[in-house]
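The values are calculated or read from the model by the stated rules, or taken from the named source; none is laboratory data. Here the structure is a predicted model, which is why all the values come from computation and not from measurement. No Cβ is skipped: glycine too gets one built from the backbone with ideal geometry, and neighbour counts run over all protein chains shown. These accessible areas exclude ligands, DNA and RNA; they are computed on the full protein's heavy atoms, side chains included. Shrake-Rupley method; radii C 1.70, N 1.55, O 1.52, S 1.80 Å.
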Amino acid sequence: MTDLDTFRQETRAWLEENCPQSMRSPMKSDKDVCWGGRNFKFQSEDQRLWLERMADKGWTAPDWPTEYGGGGLSREQHKVLLEEMARIQARPPLNSFGIWMIGPAILKFGSEALKQQHLPPIVRGEIRWCQGYSEPGAGSDLAGLQARAEDKGDHFIVNGQKIWTSYADKADWMFALVRTNPDVKKQEGISLVLFDMETPGVSTRPIKLISGESPFCETFLDDVRVEKDQVVGEVDKGWTIAKYLLTHERSMIGNMGSTAAGQKTLAELAVDAVGLEDGKLADPMLRTEIASWAIDSIGYELTAERAKDQAKSGQGVGNVSAMLKLAGTELNKRRYELLVAAYGSEGLLWEGDDRPAGALPQEWLRTKGNSIEGGTSEVQLNIIAKNILGLG
Amino acid sequence: MQKLVLTEEQQMLKDAAQGLFGEQAPVSQLRKLRDEKDPLGYVPEFWNHAVELGLAGTLVPESHGGSEFGHVGMGQVMEEGGRTLAASPLFASGVLGACALILAGNDSQKEILNGIADGSHLTALAIDETGRHQPLRVATKAEAQGDGFVLNGSKTFVVDGHIANTLIVSARTSGGERDESGITLFLVDPKAEGVTVERTIFPDGRNYAKVTLDNVAVGADAVLGEKDQGSAPLQKLLDIGSAHLAAELLGLSSEAFDRTVAYMKERKQFGVYISSFQALQHRAAHMWSELEQVKSMVLKAFMALDAGDEQASMLASAAKAKASQVAELVTNEGVQLHGGMGMTDEYDIGLFMKRARPVQLLLGDFRYHADRVAGLKGF
Ligand SMILES: Cc1cc2nc3c(=O)[nH]c(=O)nc-3n(C[C@H](O)[C@H](O)[C@H](O)COP(=O)(O)OP(=O)(O)OC[C@H]3O[C@@H](n4cnc5c(N)ncnc54)[C@H](O)[C@@H]3O)c2cc1C
Ligand SMILES: Cc1cc2nc3c(=O)[nH]c(=O)nc-3n(C[C@H](O)[C@H](O)[C@H](O)COP(=O)(O)OP(=O)(O)OC[C@H]3O[C@@H](n4cnc5c(N)ncnc54)[C@H](O)[C@@H]3O)c2cc1C
């Protein structure tokens, strides 16, 4: 038996013992997601227990080093863990911008003190983070951001406004891009800073989305004090880190293109909704479109896997995250269009407790943001054209 | 799980193939074969070089003089050949012929593998009877006569039919015209009485033929595999063939794309390079992204075939479907972005479009394989 087989056996046994029964089914809606944080209200004792047990093993951040609370797993082991979780349909114990975005940036660029301070609470789901990048005047042109941080010796005073800040009203800390030097080329005067959302001068105002929900906010920063030791990397050198973080964010958003383990595939859902005739989906045109989607989705998943394998073998193409974000998000939008088509008018029922497709209309609308957040599809195409194809 | 990257040996084979095709079979060679209506349809000196490099026997077992290097390796050769539109018996003999014999041949039939590996024996697979690929639709009949059979029917779109030493023919020994069972594969000598092979001309200038069988008598030893049970090995063979055609499409699409991007960087209009227009940049970036998906799918299909993975059929069909779709996109855009130049025979870009379409259709186009993927996935 290989080490990996042993790891699989042990993991399987541990999950069997520790994953509460109610955490072994696909989430029914966004409300089942565990985000953690100071003010998080657990849906159930099982949800709390599941987070606590997984965090104890470091398996909320399986590939982070153990010294910061992570699982210290190799890529192969990480894959095994995900496979074993999928086998019993275990829910992700924690969704976290800390794990997906700021954590990797701190790991790579942060001081030892920052790592010690911030990484363990992220792993444990104790601190919830939000991302302060976009501003009213700086969306696609992110480097044009204006939030100003003035040097006051041992600290900065920040003034400005952020927008589209997902979950700013629920987050405990923010990682934000601020301008520390207005007199140089726009990319060269930016710093990445961290501050507590309870700091005086920070306020948020929720924005309602087309789906009717309000997961993001305007965030106002008025004379907000940020300690100098809360700068990730060097002052004025935040742009590189910001871009590194974006590649993580893009992989994560692009990943919506894949069907999560345990989730029904588009084809299976369509069969539920439309039915089979002689073994084929009863609507032949819909069947064609879903087959075409299924083929593209195989292509996307394999490409995401190949990108990781290549990176590991040192043959990585730079900027694959742009391509994966583009392909994954466009795929996810198509998936929801096809779901709406499959359920027909029943799928668009906006309210009610026993809608055949549940919150499909809201989910469908939410996917429209996938090709905007984290850099729009057009921006990804620009990156590919410029950086990979050398077109200009 | 196996990593989706080439091993060092596979990469070496790819590099060797690239060198060979680039030097011995550049696009200009295909153009010359086409212009001169070359009777063979390939250049024997080039084929000899390819054989010396061992390419013809890449899939042939070592016991029969091959290198048994696997589909991933052979796929790299097919892809590189696609880049230069190289005409050779590699696909019909080195892939289809070799694998048909490996899958279904008895010991004495497998002797042909030695000839395939050393380049002396060419084969052609004769299965399609209508313009669209429907491998189960077999109207060609094989009726028992004495120890053997008598074959009647006709086949079309037979790659390398007119140069083959052996035809591999599907015929019906029982059942109705579209039944899965009742199909038998035969090895037929094209020189046998009653066999007519007529070369047909296609836009790509490559070798295809119509084969007519008029009371062709064959012995019992001509049966490849089991009587009535031909569709199972045939389907496996078609999976393999589809994956290799997908690789060829990937190669020709990648080359057409590279040439288009290069053209955008040298053509000036409105006082600037046309590569500076965002409307064109986004189309190029989209094509690049699509080509990356094809690369992953083709590689995975080959790995699944080599591993005998139960998903291999589905992955091969998905790869052929996507490669066909993307080849159509890239070759159309290639001509479009070359403007008037793209419409000229003198410029090579049109040759890629004219090669792509027959390869897309061969062994089933996007629609055929998308339907198959849906079927295999149970919807
Ligand atoms: C659901 C959601 C969640 C978000 N969460 C966060 C968050 O947590 N934190 C945060 O900081 N931000 C967040 N954002 C903001 C997001 O990053 C921005 O919306 C995005 O970068 C686009 O900026 P914009 O909205 O200003 O659009 P604009 O930049 O104004 O773009 C408008 C249109 O013009 C196109 N365009 C712009 N520039 C170019 C160009 N050079 N070439 C071609 N086309 C171009 C765009 O593609 C787009 O279609 C979120 C956005 C959404 C939708
Ligand atoms: C079959 C045929 C018949 C013809 N007959 C005649 C005729 O009888 N008389 C005659 O005078 N001409 C004729 N033409 C020429 C025709 O008008 C030109 O080919 C056409 O105007 C394009 O110019 P071009 O070939 O130089 O391409 P280019 O201008 O070099 O274009 C190359 C590519 O760049 C794109 N491109 C160029 N500029 C831009 C831009 N600003 N933004 C975005 N994309 C851009 C184009 O759309 C094209 O895809 C004929 C052409 C063809 C194909």
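Points to keep in mind about this one:
- Most fluctuating residue given options B:Gln325, B:Gln29, B:Gln145, as computed from a GNM of chain B linking Cα atoms under 10 Å: B:Gln145
- Rounded Å value of the spacing that divides the Cα centres of the stretch B:314-379 and the stretch B:1-23: 23
- The listed residues B:Leu6, A:Leu326, once ranked by accessible area (1.4 Å probe) with the largest placed first, stand as B:Leu6, A:Leu326.
- Check: the protein assembly as shown dipole with +1 on Lys, Arg Cβ and -1 on Asp, Glu Cβ, in debye: 1580
- The stretch B:32-83 and the stretch A:189-247: distance between their alpha carbon centers, rounded to Å: 59
- Of A:Lys243/B:Lys3; A:Lys308/B:Lys295; B:Lys295/B:Lys320; B:Lys268/B:Lys354, pairs whose Cα-Cα distance is over 19 Å: A:Lys243/B:Lys3; B:Lys268/B:Lys354
- Two-site FRET efficiency, B:Met341 against B:Thr200, from Cβ-Cβ distance with R₀ of 25 Å, rounded to 0.05: 0.25
- Other residues whose C-beta falls under 12 angstrom from the C-beta of A:Val224 contribute a net charge of -2, scoring Lys and Arg +1 and Asp and Glu -1.
- Annotation: amide H-H contacts under 5 Å for A:Gly71 (H modelled 1.01 Å from N, sequence separation of 5 or more, or interchain): A:Ala61, A:Asp63, A:Trp64.
- Integer Hz, Karplus 6.51/-1.76/1.60 couplings in order for the stretch B:162-174, x for Gly and Pro: 7, 10, 6, 8, 9, 9, 9, 10, 8, 9, 9, 9, 6
- GNM flexibility winner over chain B from B:Arg132, B:Arg357, B:Arg199 (Cα, springs under 10 Å): B:Arg132
- Reachable lysines, given that their alpha-carbon falls under 21 Å from the alpha-carbon of A:Lys237 and they are not under 8 places away in the same chain: A:Lys108, A:Lys115, A:Lys152, A:Lys162, A:Lys185, A:Lys186, A:Lys228
- Relative contact order %, chain B, counting alpha carbon pairs below 8 Å whose residues are six or more apart: 15
- For peptide B:361-374, the mean count of partner chain Cβ atoms within 10 Å of a residue's Cβ comes to 3.
- Shielding of peptide A:380-387 by partners, expressed as the average count of other chain Cβ atoms within 10 Å per residue Cβ, is 5.
- Gaussian network model of chain A, Cα within-10 Å springs - most flexible of A:Leu177, A:Leu82, A:Leu194: A:Leu82
- Placed amide H near A:Ser111: partners under 5 Å, 5+ positions off or other chain: A:Gly233
- Here the 3J(HN,Hα) profile of the stretch B:280-286, calculated from phi with Karplus coefficients 6.51, -1.76 and 1.60 at θ = phi - 60°, is 7, 4, 5, 5, 5, 5, 4 Hz, Gly and Pro shown as x.
- Near A:Glu249, once Lys and Arg are set to +1 and Asp and Glu to -1 for all other residues with Cβ below 9 Å from its Cβ, the sum equals +1.
- Applying a threshold of 27 Å to the alpha-carbon distances of B:Lys32/B:Lys322; B:Lys210/B:Lys236; A:Lys264/A:Lys325 flags B:Lys32/B:Lys322 as lying beyond it.
- Residue by residue along A:301-310, Cβ atoms of other protein chains within 10 Å of the local Cβ number 6 on average.
- Net charge contributed by nearby residues that have their C-beta within less than 9 Å of A:Arg8 (K/R +1, D/E -1): -3
- Close amide H pairs (under 5 Å, H built 1.01 Å from N) link A:Val202 with A:Asp222, residues at least 5 positions away or on another chain.
- Here the Karplus curve 6.51 cos²θ - 1.76 cosθ + 1.60, taken at θ = phi - 60°, turns the phi angles of the stretch B:24-37 into couplings of 9, 9, x, 4, 4, 5, 4, 4, 5, 4, 5, 4, 8, 6 Hz, with x standing for Gly and Pro.
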